[in-house]
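Each remark here refers to the structure printed beneath this line.
The values are calculated or read from the model by the stated rules, or taken from the named source; none is laboratory data. As the structure is a computational prediction, the values presented were derived from the model and not from experiment. Every residue, glycine as well, gets a Cβ built from its backbone with ideal geometry; the counts of neighbours run over all protein chains shown.
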Amino acid sequence: MLGHESLGTIEDAPDGSGFAVGDQVVGIVRRPDPLPCPACAVGEWDMCRNGRYTERGIKQRHGYGAERYRVEPEFAVKVDPTLGLLGVLLEPASILAKAWDQTERIGRLAAAWQPRTLLVTGAGPIGLLAALFGAQRGLEVHVLDRAREGPKPRLVRALGAVYHAGELASLEGFAPDIIMECTGAPSLIAAMLGRSASGGVLCLAGVSAAEQRVELDVGGINRTMVLENQTAFGTVNANRAHYRAAAEGLAKADRDWLNGLISRRVPLDRWHEALERRPDDIKVVIEFA
Ligand SMILES: [Zn+2]
């Protein structure tokens, strides 16, 4: 069964589980590896060391794509009931909650770190949620994407952020304190290495295919990163604390703005339409009965 991003309504819950009939919940995707490794043993399955974790809808476990499913109470997270269908954004938002948690912990390696500017590359759901959480932190947010018109520039500007269409050249001379790379595009990743301000953090949150080679001035990048105390790191998945942080972030976000992330809703019997890529798509949701 497919489906790692989900939203469900509780039909039945054991006493003492903390859940009641009617609660809206999102199921956590990853499960600790059976050993477990030191990370999984302390609930940080997102940092699993041996790769033997399982994931609902992704790796060795059925997903949530069903009219009814069961989930262990400790792997369910309540979402603010006023979010309604927007609660389905919790899983992708949890990825960004983790990315932000790590970015800020790395930044604080310097006691006086006070980030002011954020650059997000890519204005898909992940990039837009990265920008949302940046705006919630009071940062000056910039977003770069190929789209020249449509919902992406509109949503970015609605956050009070600056939208840069297509060209890296428009960012000439801009050295952000934080960069969140959300495209996985090798040329863009290459361009972001060594690009931040002094003490800056580059968070790599996009997944690329292998064997896409880009020529790099590694000496120059290394020199900049060393002399400017820059960090680049990769991040994936999320643990329970990140789901909770994401639930808080979504609960205080503007509902109309979040609604703009969901470009289409498709009923289950027309599920195949959800897989068609349309020009203005950001996130498409399949609705079950
Ligand atoms: Zn593990």
Exercise for the section: Tell me, yes or no, whether segment 193-203 has at least one residue that is under 24 Å from residue 279 (Cβ atoms) and in contact with a helix residue (DSSP H, G or I) (Cβ under 8 Å, 6 or more places away or on another chain). Expected result: no
Handout entry: Test: residue 39 is within 16 Å of the ligand (Cβ to nearest atom), without any contact (Cβ under 8 Å) to a residue 12 or more places away in the chain and among the small types (Gly, Ala, Ser)
Key = yes
Exercise for the section: Those residues that are hydrophobic (A, V, I, L, M, F, W, C), in a loop (DSSP other than H, G, I, E, B) and surrounded by 14 or more Cβ atoms within 10 Å (Cβ to Cβ), I need them from segment 39-83; list them, please. Expected result: 48, 58, 66, 71, 79
Exercise for the section: Return the residue satisfying two criteria in turn: it lies in segment 17-30 and is under 15 Å from residue 240 (Cβ atoms) and either out of contact with any strand residue (DSSP E or B) (no Cβ under 9 Å at 6 or more places or on another chain) or in a strand (DSSP E or B) (or both), and of such residues it is nearest to the ligand (Cβ to nearest atom). Expected result: 30
Exercise for the section: Could you figure out which of (1) more than 16 Å from the ligand (Cβ to nearest atom); (2) closer than 13 Å to residue 237 by Cβ isn't true of residue 14? Expected result: (2)
Fill in the blank from the handout: Checked segment 91-101 for anything buried (at least 19 other Cβ atoms within 10 Å of the Cβ) and of a type outside the set (Val, Ile, Thr); matches are 91, 92, 93, 94, 96, 97, 98, 99, 100
Practice task
Would you kindly identify the helices (runs of 4 or more DSSP H) lying entirely within segment 186-289 that contain at least 3 residues that are in contact (Cβ under 8 Å) with a residue 60 or more places away in the chain and crowded, with 17+ Cβ neighbours inside 10 Å?
Solution key: 240-251, 255-261
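The rows are residues; the columns are (1) under 20 Å from residue 236 (Cα atoms); (2) outside the structural domain of residue 267 (by TED's automatic domain parsing).
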position	(1), (2)
58	yes, no
73	no, no
80	no, no
107	yes, yes
Exercise for the section: With respect to residue 33, determine if the residue is assigned by TED's automatic domain parsing to the domain that holds residue 249, within 16 Å of the ligand (Cβ to nearest atom), assigned to a loop (DSSP other than H, G, I, E, B) and buried (at least 18 other Cβ atoms within 10 Å of the Cβ). Expected result: yes
Practice task
Kindly indicate whether any position in segment 94-101 is over 30 Å from residue 266 (Cβ atoms), more than 16 Å from the ligand (Cβ to nearest atom) and of a type outside the set (Val, Ile, Thr).
Solution key: yes
Practice task
Taking residue 61 as the residue in question, decide whether it is modelled with pLDDT of 95 or more, within 16 Å of the ligand (Cβ to nearest atom) and either on the phi > 0 side of the Ramachandran plot or touching a Ser or Thr at 6+ places or on another chain (Cβ under 7 Å) (or both).
Solution key: yes
Practice task
Output the residues belonging to segment 164-185 that are outside any loop (DSSP other than H, G, I, E, B) and over 19 Å from the mean Cα position of the chain (by Cα).
Solution key: 164, 165, 168, 169, 170, 171
Practice task
Please indicate, with yes or no, whether at least one residue in segment 65-87 is among the aliphatic types (A, V, I, L, M) and within 16 Å of the ligand (Cβ to nearest atom).
Solution key: no
Handout entry: Top-ranked residue of segment 42-58 - restricted to ones that are touching a Phe, Trp or Tyr at 6+ places or on another chain (Cβ under 8 Å) and more than 8 Å from the ligand (Cβ to nearest atom), ranked as farthest from residue 27 (Cα to Cα)
Key = 57
Problem - For residue 105: the one exception among (1) touching a helix residue (DSSP H, G or I) at 6+ places or on another chain (Cβ under 6 Å); (2) in a helix (DSSP H, G or I); (3) over 21 Å from residue 257 (Cβ atoms) - result: (1)
